[in-house]
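All remarks here apply to the structure that follows.
The values are calculated or read from the model by the stated rules, or taken from the named source; none is laboratory data. These numbers were taken from a predicted model, which means no experiment stands behind them. A quick note on method: Cβ atoms are made from the backbone with ideal geometry, for glycine too, and the neighbour counts reach across all protein chains shown.
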Amino acid sequence: SNIPSVTLNDGTQIPQLGFGVWQVPDAEATPAVRTAIEAGYRSIDTAAIYENETGTGAAINEALAGGLAREDLYVTTKLWNSGTRDWSGEQGRDAVLREFDASLDKLGLEYIDLYLIHWPRPMHGTFLNVWKALEQLKEGGRVKSIGVSNFGTEQLTRLLDEASVVPALNQVELHPYFPQGELRAFHAQHGIATEAWSPLGQGGELLAEPELARIAEKHGRTVAQVVLRWHLQNGVIAIPKSVTPSRIRENLAVTGFELDTEDLAAIAGVATGKRIGPDPQGFDWN
Ligand code: NAD
């Protein structure tokens, strides 16, 4: 595919469009990821809590056995909250290292490209120590890049002030209803890439927006393609999810057209400022 890459602050590159597998059961993850790789996706986003690292890894290893080079694939997984629950010095760090080993083992890989802290859980005051454990993992070489997810400017500022490694990216809820303008500006200022979760707004109401349908018709594209194009033109990395082969392919066909300033203004007009997911500042689920 001709999907562009984004260069991260550690010098590595990530495809700007990837394939997300949240809510895909383990057994279905294998055919879904297989279809995605066959369609041309080269970046896969999973997490320990999705409980599909095994099925995801099976499809990845199938592709590698079929001749795809490991360095041509980009694999992300995330450290779940349980691994960071009762942080007390060394013990907490060891728990993080064990969680990482478990993910790598389920994926059946020798290294992963990107490891993220899934949620900051600022009420526990542990994320800085957790981040230091990720720094250690990066040094060990079995993860090429480290980043965060659902962090706000307050937590990012703390890492910028007190940690050694600046997060390569922050993966956050981002779609035309919730465009995250302020956070994106903060990221840009500090060399942190922005990655959008639920880039299609989870596929419901957003994809039925009349204004978006009008833009889609103008370009002879689908609304999903217009929304993904919007992410790419904003410099945002997007990881749409689908288990439907035709949609998996459709979501990758987002090059070869350009949204103009009028389109971008119309898309800005649908913003509601409302999240679909939980507010990360208060989210504390185990
Ligand atoms: P999404 O915005 O990617 O929407 C997916 C849904 O949209 C699908 O289930 C389907 O119903 C619909 N859809 C997909 N393609 C379509 C198309 N072409 N036409 C019509 N409908 C279509 O939502 P998501 O799965 O929540 O987010 C994507 C990925 O982001 C996840 O799979 C996961 O990898 C990641 N994620 C991360 C976090 C986090 O906390 N870090 C949270 C949520 C999701």
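Which of the residues spanning region 246-282 are charged (D, E, K, R) and within 15 Å of the ligand (Cβ to nearest atom)? Give the derivation first.
Initially, region 246-282 is screened for residues charged (D, E, K, R), giving 247, 249-250, 258, 260, 262-263, 274-275, 279.
Those that are charged (D, E, K, R) and within 15 Å of the ligand (Cβ to nearest atom): Arg247, Arg249, Glu250, Lys274, Arg275, Asp279.
Residues in region 217-245 that are in a helix (DSSP H, G or I) and near the ligand (Cβ under 8 Å from one of its atoms) were compared, and the one that is surrounded by the fewest Cβ atoms within 10 Å (Cβ to Cβ) is Gln225.
Considering only region 192-217, state which residues are within 20 Å of Thr46 (Cα to Cα) and among the hydrophobic types (A, V, I, L, M, F, W, C). Residues satisfying the conditions are Ala193, Ala196, Trp197, Leu200. Please find, within region 165-204, the residue that is surrounded by the most Cβ atoms within 10 Å (Cβ to Cβ) out of those that are within 11 Å of the ligand (Cβ to nearest atom) and part of a helix (DSSP H, G or I). Applying the filter and picking the extreme gives Gly201.
Taking the criterion of being within 13 Å of the ligand (Cβ to nearest atom), of a type outside the set (Phe, Trp, Tyr) and buried (at least 18 other Cβ atoms within 10 Å of the Cβ), would at least one residue in region 68-75 satisfy it? The answer is yes, given that some residue of region 68-75 is within 13 Å of the ligand (Cβ to nearest atom), of a type outside the set (Phe, Trp, Tyr) and buried (at least 18 other Cβ atoms within 10 Å of the Cβ).
Of the residues making up region 8-56, those that are away from the ligand (no atom under 12 Å from the Cβ), within 15 Å of the chain's Cα centre (by Cα) and surrounded by fewer than 18 Cβ atoms within 10 Å (Cβ to Cβ) number 1.
Assess whether Gly140 counts as being out of contact with any Cys (no Cβ under 8 Å at 6 or more places or on another chain) and modelled with pLDDT of 95 or more. Yes, satisfied. The set of residues in region 50-87 being farther than 13 Å from Leu109 by Cβ, acidic (Asp, Glu) and modelled with pLDDT of 95 or more consists of Glu51, Asp72. Of the residues making up region 115-133, just one is under 18 Å from the mean Cα position of the chain (by Cα), more than 16 Å from Tyr50 (Cα to Cα) and either more than 14 Å from the ligand (Cβ to nearest atom) or of a type in the set (A, V, I, L, M, F, W, C) (or both), namely Trp131. Remark: pairs (first residue in region 124-139, within 24 Å of Gly282 (Cβ to Cβ); second residue of a type in the set (S, T, N, Q) and part of a helix (DSSP H, G or I); Cβ separation under 7 Å; 6+ apart in sequence or on different chains) = Thr126/Thr84; Phe127/Gln155; Val130/Thr84.
The C-beta contact set for region 263-286 (first residue modelled with pLDDT under 95, second residue within 14 Å of the ligand (Cβ to nearest atom), distance under 6 angstrom, 6+ apart or interchain) comprises Phe283/Trp119; Asp284/Arg121; Asn286/Asn81.
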